[in-house]
Amino acid sequence: MPDRKQQKKYDVIHIGEANLDITVPDVPDEFFTDDFSTFVCGLITDGCGGDAANQALCVASLGDRNALFGRLDTGMTGQRLCSLMEERGVDTSLIIRDANCCTPRIIVNVRKDGSHKFLVGKGINYGLHKEDIVPGTLDQTRILAIGSLFVLDTLDRENSVADALKFCRDAGGKVVADMTYDVRGLGPHFYEDIYPLIDFMVPSWDEAFYVTGLEHEEEMADYFLERGVGSVVIKLGSKGSFFKNAAERFYTDPYSVKPVDTTGCGDNFTAGFIHAYLKGQPMRECMQFASAAGALNSQGLGASSYIRSEQMVLDFMEKTPVMKVART
Ligand SMILES: Nc1ncnc2c1ncn2[C@@H]1O[C@H](COP(=O)(O)OP(=O)(O)OP(=O)(O)O)[C@@H](O)[C@H]1O
Ligand SMILES: [Mg+2]
């Protein structure tokens, strides 16, 4: 468990993507295949999106003291995101509002089976810059949560992600790094140098496959561990998850649910893991709680609007059966 709790202002600081999700539910399958020009869907809503914002909303709902550290535009999108975060208890005082920034908006098309397809709108200058990483911020947190590797924008381009991680770790904090698709073509080996600065690497199977070129969870985990990562968690969607570090390795079977919308399950999983870890729980229990948070998020629309308290997750764990998955 990251120590010196009393001396730190925050339990978690989140860096990475924060954008506005426009969720379009009940998109008919024909929308993706037919030539018609007009289709009817469900009630369209907006909400927080982006891995860092999703994780921040869930972590705050679970009761931890957290802040989003990022750059948002000075227009309606930035304003809306700040309000949504404040309503849920996320500290927004570290957010830089920048007139030269355009915060991305993303359209989330949700099919009737709960699966989704993103249309990612362009953003401009929406990441942290090297000069934003100064003493007094990232050294004030027990955990630095990266949401996610491959979407750190200017920090990636300026090769300054390591600086951010070092501020946190040098002050006794831990780094939890989620991962997402390499939409900007940085290449699978882009982060190799910073693996030793990552305490927990939390990719999905697809993301780990992209980086490692390996297909089995165990081999994927070993790839990261051999290169200096502390512990590895591989998210396996409806097949659960896998954990490995120097001391233990195990699978966590998924909760049995019928998803309404799986957007953000990975982010809520990571948030759940962080919350349980901050409470000092053993790794198996951290993974169990994470698994519940991931599955529970799928029971409502939106990437980060469903989970509202730790109790909600505990109740879900008590009443929901776990599905046994055969492993090879
Ligand atoms: N259909 C499901 N049934 C049960 N649990 C699920 C389901 N989908 C996701 N989960 C839980 O949530 C975790 C994270 O989901 P997933 O593997 O889809 O992450 P991801 O690919 O990072 O998703 P995201 O699109 O949110 O980034 C899974 O490891 C699992 O524990
Ligand atoms: Mg993810």
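The values are calculated or read from the model by the stated rules, or taken from the named source; none is laboratory data. Small disclaimer: the values here were computed from a predicted structure and weren't measured. Glycine gets a Cβ as well: all are built from the backbone with ideal geometry, and neighbour counts include every protein chain shown. Just so you know, the surface numbers come from the protein's heavy atoms only, side chains and all, with ligands and any DNA or RNA stripped out. Shrake-Rupley method; radii C 1.70, N 1.55, O 1.52, S 1.80 Å.
I'd like the distance between the alpha-carbon centres of the range 272-297 and the range 127-184, rounded to an integer number of Å. After rounding, the separation between the Cα centres reads 22 Å.
Sorting Asp29, Asp73 by solvent-accessible area of protein heavy atoms yields Asp29, Asp73, largest first, with a 1.4 Å probe.
Tell me which lysines have Cα within less than 22 Å of Lys244's Cα, excluding those fewer than 8 residues away on the same chain? The qualifying lysines are Lys174, Lys235, Lys279, Lys324.
Expressed as a whole percent, the accessible surface of the range 5-316 that belongs to carbon and sulfur atoms is 52, based on a 1.4 Å probe. Computed extension length for Ile44-Thr320: 96.4 nm, one decimal, from 0.36 nm per residue of separation with the Cα-Cα distance subtracted.
Based on protein heavy atoms only, the range 176-301 ends up with 37 Å² per residue of surface accessible to a 1.4 Å probe. In the chain, the sites counted are chymotrypsin sites (Phe, Trp or Tyr not before Pro) in DSSP loop states with at most 14 other Cβ atoms within 10 Å, and the longest stretch holding none of them, exclusive of the sites, is 182-328. Summing charges over neighbours of Lys324, with a neighbour being any other residue whose Cβ is under 15 Å away from its Cβ, gives +1 when K and R count +1 and D and E count -1.
Subtracting the Cα-Cα distance of Glu285 and Asp26 from their residue separation scaled by 0.36 nm leaves 89.7 nm. Take Lys8: with every protein chain present and a 1.4 Å probe, its accessible area is about 10 Å².
Under 18 Å Cα to Cα from Lys122, which aspartates and glutamates show up? Leave out anything in the same chain fewer than 8 places away. The qualifying aspartates and glutamates are Glu17, Asp21, Asp46, Asp51, Asp73, Asp98, Asp153, Asp156, Asp182. On the beta carbon distance between Asp113 and Arg249, with R0 = 35 Å, the FRET formula returns roughly 0.60. Projecting label points 7 angstrom from Cα along Cα→Cβ for Asp34 and Glu215 puts them 3.8 nm apart. Seen from Thr252, the other residues with C-beta closer than 13 Å to its C-beta sum to a net charge of +3, counting Lys and Arg as +1 and Asp and Glu as -1.
Largest accessible area first, the listed residues Lys174, Lys130 line up as Lys130, Lys174 when surface is computed with a 1.4 Å probe on the assembled protein chains.
Packing, as the average of other Cβ atoms within 10 Å across residues, places the peptides 298-304, 193-199 in the order 298-304, 193-199, highest first. Taking a ≥ b ≥ c as the square roots of the Cα gyration tensor eigenvalues, with a/c under 1.5 meaning rounded and otherwise prolate when a/b beats b/c, else oblate, which class fits the range 195-295? The shape class here is oblate.
Cross-link partners of Lys258 among aspartates and glutamates, defined as those whose alpha carbon lies under 16 angstrom from its own and excluding same-chain residues fewer than eight positions apart: Asp26, Asp113. Extending 7 Å from the Cα toward the beta-carbon at both Gln311 and Leu186 defines two label points whose distance is 4.0 nm. Only helices enter the 222 nm calculation for the chain: every DSSP H run of n ≥ 4 contributes -39,500 (n - 2.57), and dividing by all residues gives -8500 deg cm²/dmol, rounded to 500. Kindly identify the chain as rounded, prolate or oblate by the Cα gyration tensor criterion: order the square roots of the eigenvalues as a ≥ b ≥ c, call it rounded if a/c is under 1.5, otherwise compare a/b with b/c, prolate if a/b is larger, else oblate. It is rounded, given that a/c, with a ≥ b ≥ c, falls under 1.5.
What net charge do the residues around Arg105 carry, taking every other residue with its C-beta under 15 Å from that of Arg105, with Lys and Arg at +1 and Asp and Glu at -1? Charge balance in the 15 Å sphere: -2.
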